[in-house]
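This report refers to the structure that appears directly beneath it.
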Amino acid sequence: MAGLLSIQDLKVAFRMGQRNGVVQRAEAVGRGAVGVSFDVAENQTVALVGESGSGKSVTAMSIVNLLPDNAERSGRVLWRGQDLLQADRPTLRALRGREIACVFQDPMSSLNPVFSVGEQLIEPLVTHLGLKPRAALARAEQLLVEVGIPEPTRRLKAYPHELSGGQQQRVMIAMALACEPKLLIADEPTTALDVTIQRQIIELLAKLRASHGLSVLFISHDLALVGEIADQVVVMRQGTVREQGSAAQIFNDPKDAYTRALLACRPSLAEHNPARLMVIDDHIAGRSAHGAAHAKNPDAPVLLEVKALAKSFWLKEGLFGKREFKAVRDVNFRLRRGHTLGVVGESGSGKTTMGLTLLRLHEPTEGEVLFDGRNLLTLRDAERQAMRRRIQIVFQNPYASLNPRFTIGQTLVEPMTIHGIGGDLTEREQRARELLGKVGLDDRAFGKYPHEFSGGQRQRIAIARCLTLNPEVLVLDEAVSALDVSVQAQVLNLLRDLQDELGLAYIFISHDLAVVRFISDEVLVMKDGEVVEQASAETILRAPQQEYTRKLIGAVPRGWTPAAV
Amino acid sequence: MNNAGPVPALERSEGVWHAAWRRFKGDRLGMVSMAIVLAFLLLIAAAAVGLVAKHWQQEVGVPNAPPTLMGPAPPEATGAIEQPKGPNVDISDIDPLAPKYKEWAERAKQYQTADTVKAETLPLGGDRLGRDVLSKVVKGSQISVFVGVLAAVVATLIGTLLGALAGFFGGKVGDFLEWLYNVFTAIPDILLIFAFAAVFGRGIGTVVVILGLVGWTSLYRQVRAEFIKHRTREYVRAAEAIGASTTSRMFRHILPNVSHVILVRMSLMVVGFIKSEVILSYLGLGVPVDQVSWGTMLADAQGELILGYWWQLAAATAFMATFLIAFSLAADAWRDALDPKLRGIE
């Protein structure tokens with residue numbers, strides 16, 4: 001195998017404006033004198049793995065210089081012996097798309113919404129290969145067949161919004177493959193997609209790699225996913241390479257404590273469920289996180305009972321027509337104090353709508369939500385306000401769920417002021433500080449603004465905001481999905497601790513079966529607004545009854561297995 | 001909110017406005033513009049309390065006195081009428097008032113008469129009545145900027161309130177406000193201004209009301225769009241989940257997050273309204289005749305220019321241009337400072 005791409009001692013820094021006449025730089029890749037080096041051979045898949053902020057995307061984007069103008073690069077990026085850092089613009093332009101192609105994370109925003117799929121596919125064929133439009137169209141159709149899009153002739157005329165997320169990503173891959181590149185840079189190509197679609201895309205990439213003989217630089221935060229596809233793995237953290245080696249080596253015999261921690265801190269489907277997850281610091285300190293799983297009282301009082309809950313949206317059709325879209329249909333469940341109900345399903349299955357309807361952030365169409373025997377949905381405003389205290393929600397995106405203009409203190413004091421908890425401001429502030437301590441944050445956080453915190457810290461703050469009201473039920477709407485695996489483990493541990501301490505009941509909405517298995521007692525599987533399966537977490541995983549559930553379980557990345565190679 | 005007794009003082013982080021001010025300070029052009037705007041505001045404040053330009057209506061110079069730099073106007077050619085020679089004709093025997101002249105002259109001696117010496121030149125020249133153009137332009141700045149800022153405040157209040165309602169509630173409320181917006185934008189502005197002016201009559205208050213009522217539409221659309229965007233954001237949902245009222249969500253949660261849009265839009269409106277006031281006054285629909293603004297000065301200048309008296313036009317234009325350019329540049333610098341996306345690009 002000949003070397004195709006060789007990155008040697010790469011360092012990237014971003015200029016961050018001037019302060020006192022000195023240009024401020026933020027190191028994105030490389031720390032101090034240490035740069036990033038690795039090689040990609042021909043017909044090989046190399047995975048760059050790391051958490052957010054590890055510099056993996058910046059490393060990949062600096063190969064063809066798709067970085068913002070304020071980036072400064074040093075080191076060497078050798079493409080078949082030619083240093084791309086010294087290359088001029090025309091050389092780079094000729095390389096981009098022609099020999100090195102890119103696929104990005106979000107297919108919806110990577111495709112231009114005002115051009116049809118066909119027009120976008122033809123563009124690289126005409127500009128790089130000099131094909132005539134008619135020939136290019138025929139080739140485009142061939143490409144769509146290759147990436148497995150049904151009815152390619154019709155799809156050529158379709159606009160991006162008419163395709164599903166998975167199909168859009170297939171189109172992006174088809175565009176990338178149009179000029180038969182030698183290297184495909186795939187930057188988190190499946191992160192925005194459902195697990196089942198992710199599996200299809202991964203399989204497609206593996207197939208294409210074999211048939212076209214191309215090399216893939218695969219960037220991901222998910223070590224388990226990487227294990228299925230990569231030959232070589234490069235683990236990055238904070239801008240430097242922690243460990244690199246073959247997939248077998250990384251998975252069987254990880255040398256670096258960080259790699260070991262990454263492998264361990266994700267809940268898994270196969271192994272026995274621990275009471276707590278290991279976090280990175282535990283690993284690096286050589287501690288082991290133990291503690292017996294807390295046995296739950298199966299006869300705890302029923303706190304929340306949902307009967308035949310339904311929510312419809314009305315879509316306009318034609319000039320006067322309306323069509324009913326049933327987002328949630330006939331959902332029934334009971335939730336006991338101190339228990340966790342997991343809700344899984346793909347995007348669009350109605351799980352978030354169901355959660356919002358429970359809190360009446362959406363008005364339900366029919367059904368009953370009995371909280372302590374009283375129907376939440378027919379309460380008058382005053383009573384409703386009182387009930388609001390008892391059921392709270394944590395949202396998915398920690399970057400959007402805190403008001404950026406409020407200090408953390410204001411954010412935490414506001415709910416207490418609204419509900420008249422605590423006698424005066426001093427008392428409320430005191431309580432807010434205690435809660436910050438409870439979710440594992442420093443007292444100093446009180447006067448700061450949300451943008452000064454990381455995603456995991458913000459999610460802790462969001463949880464603390466809910467706790468100010470002493471709720472009994474927490475709806476966790478994909479509350480850990482946007483977090484890095486190590487941070488995810490910390491937040492999951494925190495949720496467990498809080499449940500044990502305060503007897504909270506959770507409704508845990510997630511697309512991630514492994515996480516749901518870790519935290520839930522009972523699981524609802526939703527599809528197209530309906531509950532297709534409902535059983536205890538262990539039963540669902542060991543003996544799924546429905547085809548759909550089996551498909552979901554099968555799609556979860558399994559990591560590196562000797563058979564997969 | 002930090003009145004806690006026993007707890008140690010908290011370190012408070014830099015707020016959004018602090019950070020913006022820090023970024024603004026780094027913008028040299030913005031700082032110079034801001035200094036000019038502040039100087040203008042000081043001047044206007046001084047004029048408002050009567051420290052300067054209090055006597056702008058006094059005719060201190062000869063009519064159309066030229067600026068000092070140019071020196072006094074050459075004496076007008078008196079023409080070629082020849083002085084008649086010979087003694088004065090005595091008409092006292094046919095003048096019925098002749099016996100009274102002496103008496104009157106005696107009486108006139110009891111009063112002191114002093115001929116005021118009118119200045120031949122004035123710093124920036126004089127108008128056709130001999131009023132000092134410098135005082136006029138300072139006083140005019142006060143009226144013009146006052147009208148522009150106040151009208152922008154009125155328009156901002158209307159636009160923000162209606163935009164917030166339309167964006168937050170949507171549905172029937174939104175439809176009604178959209179209809180109102182469409183009615184207002186369908187009529188040409190100038191026509192609307194004429195209609196309001198005809199109903200309300202002339203006066204500074206009228207100009208403010210007219211411009212406010214006509215000018216809210218652009219801000220309305222922008223605020224409405226921002227509210228539509230923000231109302232489904234998770235932090236607003238989270239506020240709803242903790243039981244925050246509708247008003248609190250609209251004005252305590254969302255409004256501060258869109259305030260930079262409103263501020264920048266408002267500063268643009270100030271510029272626009274100052275120009276509109278000038279046009280209105282020029283057309284005779286603006287400020288009353290006993291007051292002065294940049295617009296009335298330009299209207300005066302129309303007649304003077306033909307006679308070659310350009311200084312009133314020049315003074316009003318220079319003041320207006322300086323203020324508006326400085327104000328626009330400062331507003332632009334503020335926009336940059338408030339937009340965190342531009343950080344890092346020097």
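Of all residues in the stretch A:436-454, those satisfying the criterion of being touching a residue at least 12 places away in the same chain (Cβ under 8 Å) and either facing chain B (nearest Cβ under 8 Å) or surrounded by fewer than 17 Cβ atoms within 10 Å (Cβ to Cβ) (or both) are A:G440, A:F446, A:G447, A:K448, A:Y449, A:H451, A:S454. Checked across the stretch A:243-265, the condition of being modelled with pLDDT of 85 or more, in a strand (DSSP E or B) and of a type in the set (A, V, I, L, M, F, W, C) holds for no residue.
So, of the residues in the stretch A:481-520 that are acidic (D, E) and within 28 Å of A:E188 (Cβ to Cβ), which turns out to be surrounded by the fewest Cβ atoms within 10 Å (Cβ to Cβ)? Of everything passing the filter in the stretch A:481-520, A:D512 is surrounded by the fewest Cβ atoms within 10 Å (Cβ to Cβ). Taking the listed residues A:L341, A:L370, A:L358, the one that is within 14 Å of another protein chain (Cβ to nearest Cβ) and out of contact with any Cys (no Cβ under 7 Å at 6 or more places or on another chain) is A:L358, with no other qualifying.
Listed by position, the strands (runs of 3 or more DSSP E) enclosed by the stretch A:1-103 that each have at least 3 residues that are more than 27 Å from A:V487 (Cα to Cα) and among the small types (G, A, S) are A:3-19, A:71-79.
Scanning the stretch A:178-210 for residues that are in contact with an Asp or Glu (Cβ under 7 Å, 6 or more places away or on another chain) and part of a helix (DSSP H, G or I) gives A:T196, A:I202.
When the stretch A:56-90 is limited to residues that are closer than 15 Å to A:L5 by Cβ and of a type in the set (S, T, Y), the one that is farthest from the other protein chains (Cβ to nearest Cβ) turns out to be A:T59. Among the residues of the stretch A:427-444, those identified as in contact with a helix residue (DSSP H, G or I) (Cβ under 8 Å, 6 or more places away or on another chain) and more than 12 Å from A:I461 (Cβ to Cβ) are A:R428, A:E429, A:R431, A:R433, A:G437, A:D443. Say we look at the stretch A:377-399 and pick out the residues that are modelled with pLDDT of 85 or more and assigned to a loop (DSSP other than H, G, I, E, B); which of these is nearest to the other protein chains (Cβ to nearest Cβ)? Looking at the filtered set, the residue picked out is A:F395.
Conditions tested, residue by residue: (1) surrounded by fewer than 17 Cβ atoms within 10 Å (Cβ to Cβ); (2) at pLDDT 80 or above; (3) under 20 Å from A:E243 (Cβ atoms).
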| position | (1), (2), (3) |
| --- | --- |
| A:L5 | no, yes, yes |
| A:L10 | no, yes, yes |
| A:A13 | no, yes, no |
| A:G17 | yes, no, no |
| A:G30 | no, yes, yes |
| A:V34 | yes, yes, yes |
| A:D39 | no, yes, yes |
| A:Q44 | no, yes, yes |
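The requirement of being within 13 Å of chain B (Cβ to nearest Cβ), over 30 Å from A:T190 (Cα atoms) and at pLDDT 85 or above is satisfied by A:L467.
Of everything in the stretch A:230-262, what is among the β-branched types (V, I, T) and either surrounded by fewer than 22 Cβ atoms within 10 Å (Cβ to Cβ) or touching an Asp or Glu at 6+ places or on another chain (Cβ under 9 Å) (or both)? Give them in sequence order. A:V233, A:V234, A:V235, A:T240, A:I250, A:T259, listed by residue number. Taking the conditions (1) surrounded by fewer than 17 Cβ atoms within 10 Å (Cβ to Cβ); (2) modelled with pLDDT under 90 in turn, B:T322 satisfies each one other than (2).
Scan the stretch B:210-248 for residues that are over 30 Å from A:A462 (Cβ atoms), touching an Asp or Glu at 6+ places or on another chain (Cβ under 9 Å) and either within 14 Å of chain A (Cβ to nearest Cβ) or of a type in the set (A, V, I, L, M, F, W, C) (or both) and report the count. Result for the stretch B:210-248: 2. Search the stretch A:422-435 for residues that are at the interface with chain B (Cβ under 9 Å from one of its Cβ atoms) and pair each with any residue that is of a type outside the set (A, V, I, L, M) and buried (at least 20 other Cβ atoms within 10 Å of the Cβ) when their beta-carbon atoms are under 7 Å apart and the residues are at least 6 apart or on different chains. As it stands, the answer is A:E429/A:G409; A:R433/A:F446, since those pairs meet every condition given.
For the stretch B:114-137, the criterion of being part of a helix (DSSP H, G or I) and within 30 Å of B:W216 (Cα to Cα) is met by at least one residue. Of all the listed residues (A:N470, A:N493), the sole one being polar (S, T, N, Q) and at positive phi is A:N470. Cβ-Cβ distances below 8 Å connect the following pairs, each with a first residue in the stretch A:325-342 that is within 14 Å of A:T353 (Cα to Cα), a second residue that is of a type in the set (S, T, N, Q) and outside any strand (DSSP E or B), and a separation of six or more residues or different chains: A:A327/A:T353; A:V328/A:T353; A:V328/A:T357. Within the stretch A:515-549, the set of residues being hydroxyl-bearing (S, T, Y) and either out of contact with any helix residue (DSSP H, G or I) (no Cβ under 7 Å at 6 or more places or on another chain) or closer than 26 Å to A:L504 by Cα (or both) comprises A:S520, A:S536, A:T539, A:Y548.
If only residues of the stretch B:191-232 that are among the aromatic types (F, W, Y) and in contact (Cβ under 8 Å) with a residue 12 or more places away in the chain are counted, the one that is nearest to B:E178 (Cα to Cα) is B:Y220. Restricting attention to the stretch B:1-59 and to residues that are touching a strand residue (DSSP E or B) at 6+ places or on another chain (Cβ under 9 Å) and either modelled with pLDDT of 85 or more or in a loop (DSSP other than H, G, I, E, B) (or both), the residue that is farthest from the other protein chains (Cβ to nearest Cβ) turns out to be B:Q58.
The sole residue among B:H253, B:H260 that is within 14 Å of chain A (Cβ to nearest Cβ) and modelled with pLDDT under 85 is B:H260.
The values are calculated or read from the model by the stated rules, or taken from the named source; none is laboratory data. Note that the structure is predicted; figures quoted are calculated from it, not measured. Glycine gets a Cβ as well: all are built from the backbone with ideal geometry, and neighbour counts include every protein chain shown.
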